[in-house]
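Any read-out appearing in this document is the output of simple, stated calculations on the displayed coordinates, not a laboratory observation. Quick caveat: nothing in here was measured; it's all calculated off a predicted structure. A quick note on method: Cβ atoms are made from the backbone with ideal geometry, for glycine too, and the neighbour counts reach across all protein chains shown.
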Amino acid sequence: MVLLPALIFVGIILPGRLGIDIQGTSSLPNTPWPANIWAGLIVSFIPLFFSMLALNGMRHLFALYRLGDPLAPHAGPIIKSIGKNVLIASILGVVLYPAVTGLISLSNPVGERSISVSISINDIGFILVAGLLLMIGWSMSEATKVAAENREFI
């Protein structure tokens with residue numbers, strides 16, 4: 001989890017040095033990139049930040065499950081945070097895509113600049129999964145509250 005952003009950064013700074021051929025990079029200039037391409041690249045990584053937060057939440061959740069208590073009081077809020085981060089990442093991916101395409105094509109000559117808007121079935125699927133995780137986290141939180149009330153009552 002820690003190495004993924006570092007490898008992405010190294011791959012961007014040293015293209016071709018890792019032996020990985022990334023589709024779509026052939027249209028990027030071989031000269032030093034202008035500031036707008038760097039800005040577009042930085043903006044495109046904002047959803048990755050929230051995806052990494054969701055991944056870290058999954059790590060915490062599985063560590064909690066490894067202890068053997070799937071209905072632990074912390075499980076519901078962790079699942080809700082995973083769902084929230086996946087939802088933010090998927091919505092930002094859709095919303096920021098036009099900004100990224102506009103920024104990257106800004107250094108093109110007039111008439112060759114473009115802004116692209118796109119939503120795919122994958123984006124819709126991630127939004128649905130995030131909603132499902134939010135509902136599961138909410139129901140787990142409510143279940144732990146009811147279980148705690150029952151323990152106090154008995």
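How much FRET efficiency would the formula 1/(1 + (r/R0)^6) give for Arg151 and Leu128, where r is the Cβ-Cβ distance and R0 is 35 Å, rounded to 0.05?
So, using R0 = 35 Å, E works out to roughly 0.50.
Among Phe126, Asn56, Gly40, whose Cα sits farthest toward the positive end of the charge dipole of region 36-154 (+1 at Cβ of Lys/Arg, -1 at Cβ of Asp/Glu, about the Cα centre)?
It is Asn56, whose Cα lies furthest towards the positive end.
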